[in-house]
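One structure is given below, encoded as structure tokens.
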Amino acid sequence: MTSLRKQKGEALAGALLLGAVLTMGGMKVGAPHMMMHESESPYDVNKTVEVISDNAKQQGWKVPKVYDFQETIRKEAGADVGPMKVVELCHPKLA
């Protein structure tokens, strides 16, 4: 009986390990595409932020804040990293 329990335990451990490996592999392949979408804008940075904000608002999203990372990094580190802004979006029904 103990041999059968040992076999079942080993099979369960193997299945859990295989499941963990497959899950991690799937995340490595799929997650980068699920978290961020990047595409080049035909507009300058300020116009791009304006277009994104306007489109989001038309679809029921709120734009609580636009972060200007270029200015923040310039103030804090004295370096110019080029134009970099982050648009914060919030949808009341999803929050």
Q) Out of all the residues in the range 42-63, which are closer than 23 Å to residue 95 by Cα, open to solvent by 80 Å² or more (accessible area, probe 1.4 Å) and not hydrophobic (A, V, I, L, M, F, W, C)? A) 50, 57, 58, 59, 62
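Which residue out of 86, 81 is among the hydrophobic types (A, V, I, L, M, F, W, C) and not in a loop (DSSP other than H, G, I, E, B)? Walk me through it before giving the result.
Details: 81 fails: not in a loop (DSSP other than H, G, I, E, B).
After applying the criteria, what remains is 86.
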Q.
Can you say whether residue 12 is open to solvent by 100 Å² or more (accessible area, probe 1.4 Å) and part of a helix (DSSP H, G or I), as far as the supplied structure shows?
A. yes
Q. Just one of 68, 80 is free of Cβ contacts under 8 Å to residues at least 24 places away in the same chain and open to solvent by 80 Å² or more (accessible area, probe 1.4 Å); which is it?
A. 80
Q) What about residue 6, is it part of a helix (DSSP H, G or I) and within 30 Å of residue 95 (Cβ to Cβ)? A) no
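The values are calculated or read from the model by the stated rules, or taken from the named source; none is laboratory data. Just so it is clear, the model here is predicted, and its values are computed rather than measured. Here the Cβ is made from the backbone with ideal geometry for all residues, glycine too, and neighbour counts use every protein chain on show. For the accessible areas, the whole protein counts, side chains as well, though only heavy atoms, and no ligand, DNA or RNA atoms are used. Shrake-Rupley method; radii C 1.70, N 1.55, O 1.52, S 1.80 Å.
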